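The values are calculated or read from the model by the stated rules, or taken from the named source; none is laboratory data. All values derive from a computational prediction rather than experimental measurement. Ideal geometry is used to build each Cβ from the backbone, glycine not excepted, and the neighbour counts take in all protein chains shown. The accessibility values were calculated without ligands, DNA or RNA, using every heavy atom of the protein model including side chains. Shrake-Rupley method; radii C 1.70, N 1.55, O 1.52, S 1.80 Å.
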Amino acid sequence: MGYEATSDGTLYVPVAAADAIWVELIERYPNAEDYAQDCVDELSSVHRIASAAAGELGSYDPTSGYSITETDQSYQVSVWAGGKLGSPELYLQVLAEHGVTGEIHSVGEDSDTWRWRLADGDLCDDSGRLVYGEDVDASAWVAQLATGAGLYDRVAVTSSERAAHDQITAWCREVVRAEAPTPLSDADLDEATVATRAAELGIRGRVIPAHSGREELAGIG
């Protein structure tokens, strides 16, 4: 049987840690290698990590369930899947412990929604819900972030405008830290520094009231 879900998200894998992450992953979960066994070409560690994640998220063709964009310091790994879940949280915990960051959003067969969030060396599992029209709390604010071209790929609903701005800063700090050539402390990543570096990286963020138009909240435009 199994529980089915549709999932998608983006993970940021440190380039320097990719090989070590893959070694740790197959040491703890040897079946991770099964997701790349049918490939004719030898896959790099980050491709194997991505295919294992896609497979555990239910992809019937794990090696086609992801795309990778490489930067100097990290691989931006987009994953998507629709099918029976394995144990993705076990795999994602290993990734988080080795400095991988990002989020994966899922909708289950019973319409439950949740996200797995990798940050600060740990994995968080957050439940979510869908709210329509007049049910929206008019006092809430939405934070949106686009880490590349196209739609906003990170969204959070917060209790105030200040909290929404703080969320944007936290997201930007996460991306800037992942892109830095050398490790950076929180003291190195004050709000002004983060904003400047985020702009240089082409990161776009915005804060809008939760009761704004439907197109804005969908990240269109």
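What to note about this one:
- In terms of accessible area, using a 1.4 Å probe and ignoring ligands and nucleic acids, E56, E161 rank largest first as E161, E56.
- For G9, the amide hydrogen comes within under 5 Å of the amide hydrogens of V79, H105, counting only partners 5 or more places away or on other chains and with H modelled in the peptide plane.
- Between L43 and R206, full extension at 0.36 nm per residue minus the direct alpha carbon distance yields a gain of 54.9 nm.
- Local charge for E191 was computed over the other residues whose Cβ lies under 13 Å away, with Lys and Arg +1 and Asp and Glu -1, and equals -1.
- The length gained on full extension between S111 and D34, counted as 0.36 nm times the residue separation minus their Cα-Cα distance, comes to 24.8 nm.
- Portion, in percent, of the accessible area of the chain that falls on carbon or sulfur, probe 1.4 Å: 50
- Neighbour-limited loop hits for chymotrypsin sites (Phe, Trp or Tyr not before Pro), segment 81-121 (at most 11 other Cβ within 10 Å; DSSP other than H, G, I, E, B): none
- Among the listed values [x] 127; [y] 168; [z] 154, the one matching volume of the Cα convex hull per residue in Å³ as calculated from this structure is [x].
- Length-normalised contact order of the chain in % [C-alpha pairs under 8 Å, at least 6 apart]: 19
- Global geometry of segment 1-99, whether rounded, prolate or oblate, following the gyration tensor of its Cα atoms and the 1.5 cut on a/c: rounded
- Net lengthening on full extension, D125/S87 (0.36 nm per residue, minus Cα-Cα): 12.4 nm
- Within the chain, helix-based [θ] at 222 nm, where runs of 4 or more DSSP H residues each add -39,500 (n - 2.57), nearest 500: -9000 deg cm²/dmol
- Computed with a 1.4 Å probe on the full set of protein chains, the accessible area for T63 sits at about 50 Å².
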